Every structure is written in structure tokens, then in C-alpha cells.
1. Let me check against my output: what whole-number percent is the relative contact order of the range 119-193, with C-alpha pairs under 8 Å and at least 6 apart?
2. Angle check, please: helix 42-54 long axis (alpha carbons) against the longest principal axis of the chain (alpha carbons), in degrees 0 to 90, nearest 10.
3. Quick one: divide the alpha-carbon radius of gyration of the chain by 2.2 N^0.38 Å and tell me what you get.
4. Give me a comma-separated list of calculated 3J(HN,Hα) values for the range 128-142, in order, Karplus coefficients 6.51, -1.76, 1.60 applied at θ = phi - 60°, integers in Hz, x for any Gly or Pro.
5. ³J(HN,Hα) across the range 162-168 via Karplus (A = 6.51, B = -1.76, C = 1.60, θ = phi - 60°), whole Hz, x for Gly/Pro?
6. Let me know the Kirkwood hydrodynamic radius for the range 114-171, please, with Cα pairs as the basis and the value in Å to one decimal.
7. Given a 1.4 angstrom probe, what's the average accessible area per residue across the range 19-119, in square angstrom?
8. Once you order the gyration tensor axes a ≥ b ≥ c over the Cα atoms, which shape class does the range 1-120 get: rounded for a/c under 1.5, otherwise prolate or oblate by comparing a/b with b/c?
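The values are calculated or read from the model by the stated rules, or taken from the named source; none is laboratory data. It should be emphasised that the depicted structure is a prediction, and the values quoted were computed from it without experimental measurement. With ideal geometry, Cβ positions are generated from the backbone for all residues, glycine too; neighbour counts draw on all protein chains shown. The area values use the complete protein model at the heavy-atom level, side chains included, leaving out ligands, DNA and RNA. Shrake-Rupley method; radii C 1.70, N 1.55, O 1.52, S 1.80 Å.
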Amino acid sequence: MFVIFYDKPVINFLFLLFAAFGVFVGAPAVLLYLILIKFLYSLFVSIVISSWENNEKILVETTETRLEINFRGIPVKESTDSLSNIHFKSERAARSGYMKLLTTKLIIVLGLLWLSITNASDIFFSFQGWHQIVYSSVGIATVAFIIVKLLRVLKLLLDLNSGRWFLHNTLYRTYTYYAAYTPKIDEAQELEPYLAKVFE
């Protein structure tokens with residue numbers, strides 16, 4: 001669940017090169033996005049979810065992954081549990097919980113947008129000739145990247161307010177818990193946990 005990259009190594013490598021080059025020319029917003037959103041924000045969400053679970057506000061759904069490694073002829077079995085979804089006691093609680101998580105993300109992305117615009121402006125006025133063209137292109141691409149991320153967060157918030165999601169209820173002890181799902185982008189017929197969108 002907390003994997004930073006998808007299973008496309010070439011694209012990931014090029015993306016990291018772009019982020020590193022952005023730092024070199026003075027546009028570190030993409031690298032900061034990776035650090036702040038993909039690492040620190042994911043850690044923050046995990047802590048918040050753990051707090052909710054300890055206070056019995058939610059049920060946590062995990063997926064067990066089993067791995068078997070042959071270490072010098074000795075089979076070693078390892079199993080890990082990864083967070084896959086969370087279940088709230090009501091639809092209202094689910095909306096409120098996701099609103100808190102996404103508002104935090106929105107604030108971070110808005111800060112990165114301001115930084116990327118400031119950096120792009122500084123780059124444009126700091127260089128001359130072909131340096132200005134190349135470096136400004138990186139600055140503009142960085143701004144575009146952050147804008148795309150901002151639009152995704154805003155869409156999630158709009159979907160949240162309008163109730164554009166699918167709810168699945170589960171009876172546990174004396175409570176009915178609700179888990180939110182949303183259609184996968186690439187597969188219209190399949191649903192994925194709404195929580196996955198929070199980590200994107």
C-alpha cells in the first residue's frame with residue numbers, strides 16, 4: 001500500500017532523473033513531493049489510522065503477503081500484513097475521516113505549488129540563452145506536475161462532498177461498518193479502496 005513507485009522501472013528511473021535535475025536547476029518541488037507526500041504524508045496517515053483503530057473508531061482491513069526465500073539452501077518464510085482499507089461506523093464518519101486526511105494533503109500540495117511557481121519564476125530571470133530555455137522548461141514542467149496533483153486532490157474532495165463513491169457495509173459485533181470504494185481509472189468495472197486514492 002505504501003509503495004512509492006509502480007512496477008514500471010524505466011518510467012520510475014526517468015522520473016527520478018527529472019526530480020534530481022529539478023533540484024540541480026533550482027526546482028526541487030517534485031523531489032519534495034516524493035519526500036513529503038509519498039513518505040512523510042503516508043507515515044502521517046498510518047499514524048492517524050492507528051490512532052483511530054486504538055480508539056475503536058474504525059476497523060482496519062489488512063492483506064497478508066507471504067514470501068519464501070531460499071537463503072543458502074535454507075528456506076526462509078516471511079509474511080507481512082499491509083493496510084488495504086479502513087471501515088468506519090457510518091458514512092458520515094467515513095466522509096469526515098477522509099476529509100481530514102485529504103485536507104492535510106491539499107495544504108501540502110498547495111505549499112508545493114507556491115514553491116514550484118516561485119522557483120520557476122526565479123529560474124526564468126536567473127539564466128540567459130539556452131540555459132534559460134532548458135531550465136525554465138524544467139521549472140514549468142515541475143509546476144505542471146504539481147498542478148496535476150492538486151487537481152487530483154481537489155477532485156477527490158469534490159467526489160467526497162458529492163458522495164461519488166461506493167460503500168460496502170460489514171457487520172462486526174454490534175456495529176455495521178462502512179468501507180468506501182471508487183472505480184479504478186484503467187478498469188471501469190473494478191473497484192479499489194478509496195484509501196488507495198489518498199496515498200496517490
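1. With pairs under 8 Å counted, the relative contact order is 15 percent.
2. Around 20 degrees separate the two axes.
3. In units of the globular-protein estimate, the chain measures up at 1.24.
4. Karplus-based 3J(HN,Hα) across the range 128-142 equals 10, x, 5, 4, 4, 5, 5, 5, 5, 4, 5, x, 5, 4, 5 Hz.
5. Working through the residues one at a time gives 8, x, 7, 7, 10, 10, 10 Hz.
6. Numbers: mean 1/r = 0.0722 Å⁻¹.
Evaluated over the range 114-171, this radius sits at 13.9 Å.
7. Accessible area per residue, the range 19-119: 58 Å².
8. On the way: a/c = 3.20, a/b = 1.13, b/c = 2.82.
Oblate.
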